[in-house]
Amino acid sequence: MATLATMSAGRRARTHEGEERPTTILQAIILGIVQGLTEFAPVSRSGHLILVPWLFNWPILTNEALNKTFDVALHMGTFVGALVYFWRDIWKYLKAWVRSMRHRTLADTDERLAWFLVIGTIPGAIAGALFESVIEEKLGEPWIIAIMLAVFGIVLYVVDRRAPATRAMQQLRFGDAVAIGLAQAIALQPGVSRSGVTITAARGVRLDRESAARFSFLLSLPIIGGAGVYKGAKLLTGKEHIPPGFGGPFVWGIVASAVSGFLVIWWLLAYLRKRDFAPFALYRLAAAAFVLGIIAAGVRPATIH
C-alpha cells in the first residue's frame, strides 16, 4: 500500500503550465480495473473510485475537471465490455421493443422484458438528472461511503438468505420492474452499489440469483451508456476536455475497465448458478471496517476536502 502510493507520487510529472500531472498510466490501469470489477460486482463502483484515490492520496480525486472526464472514459470502457458479453441479449430485446412499438402489443416474453428494462431505467435516469450533482458534492465522503457499504451489504445478505429463489427473469411482472428501477435510483449514493441494490430488489421479488444478476446487468446498460454519451457530448462540445498529455492514461483506463468488466460479468453469472452473495456482503463489511479504522487511527481524513 505504502509502496504503491510512493511509486505513484514518484511518477507524477509537471505539465507545461507547471501543474502536477494527477494521473499516471499505472493509476489509470488500477482505476480501470477497479471500475470494471465494481461496476457489476455488488460492492459499489462509485464508492471504490472515491476510496482508492483517497486511500493512496492520488490528486485525481481533487481535480474536478480531470475526475469527470476520466469517469466518462471508465464508464465507456465497462459499457463496451458489457456490450461484448450481452450483444445477443441486447439485439434480441431491442428487436422485441421495436416490434412491440410497431404493433402496439406485448405479444411475448421478450417484448415484456424489453419494456421492463425501459421502465426500470426511468427512476434512475430521473434521480440522476435531479440529484447527481448534490450527491457528488455532499454525500461522497469516505466515512459516509463506509457506512453505506456496511448497511447495504447487510441488507443484501439478509434478503438473499431469506427470499426464496422461485422465479426466473422471464417471470418478472410490471410491479417487479418498477420496484427494481426505484432501487436503482438509490444507487446514486456512493457506497450503495447500483448492481448490489438492484440485485437485492430482484432477490426480494424472488428471482433466482443468476436471473437477478442478469436483469441487473442488462438494466445497467442504458444508465452506463447514457451517462457516457451525455458526458462525452460535453467533451465534443468543449464544455469539458481531456488535459494535454493524458491521452495515454485515458486509453489504458478504458481498456482495463472494458476487459475487467467483461470478465466480472462472465465469472459472476457462472458463480451465482451454484453460490450465494455472502462473500460480497462480508467483503463490504470488511471494507467498511477498514475505512473507518484508518480514519479513526488518523491515517487518512474522514473527508476529501
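The values are calculated or read from the model by the stated rules, or taken from the named source; none is laboratory data. Bear in mind the structure is a predicted one, so any value in this text is a computation, not a measurement. When we count neighbours, we look across all protein chains shown, and the Cβ atoms used for this are built from the backbone with ideal geometry, even at glycine. SASA here: full protein model, heavy atoms, side chains in, ligands and nucleic acids out. Shrake-Rupley method; radii C 1.70, N 1.55, O 1.52, S 1.80 Å.
Quick notes on this structure:
- Test: Ile145 is touching a Leu at 6+ places or on another chain (Cβ under 9 Å), modelled with pLDDT of 95 or more and either under 25 Å from Thr109 (Cβ atoms) or open to solvent by less than 60 Å² (accessible area, probe 1.4 Å) (or both): yes
- Complete set of residues in segment 122-142 that are touching a residue at least 40 places away in the same chain (Cβ under 8 Å), open to solvent by 20 Å² or more (accessible area, probe 1.4 Å) and of a type outside the set (Asp, Glu): Ile122, Pro123, Ala125, Ile126, Phe131, Ile135, Leu139
- Considering segment 22-42, and only residues there that are of a type in the set (Val, Ile, Thr) and surrounded by fewer than 24 Cβ atoms within 10 Å (Cβ to Cβ), the residue that is farthest from Leu263 (Cα to Cα) turns out to be Thr24.
- Taking the listed residues Gln189, Gln184, the one that is out of contact with any Asp or Glu (no Cβ under 9 Å at 6 or more places or on another chain) and outside any helix (DSSP H, G or I) is Gln189, with no other qualifying.
- Which numbered condition Phe70 fails, given (1) crowded, with 24+ Cβ neighbours inside 10 Å; (2) touching a Phe, Trp or Tyr at 6+ places or on another chain (Cβ under 7 Å); (3) over 19 Å from Tyr230 (Cβ atoms): (3)
- Meets criteria (open to solvent by 10 Å² or more (accessible area, probe 1.4 Å) and either at pLDDT 95 or above or out of contact with any His (no Cβ under 9 Å at 6 or more places or on another chain) (or both)) for Ser211: yes
- Of all the listed residues (Val98, Val84), the sole one being part of a helix (DSSP H, G or I), open to solvent by 70 Å² or more (accessible area, probe 1.4 Å) and either in contact (Cβ under 8 Å) with a residue 12 or more places away in the chain or β-branched (Val, Ile, Thr) (or both) is Val84.
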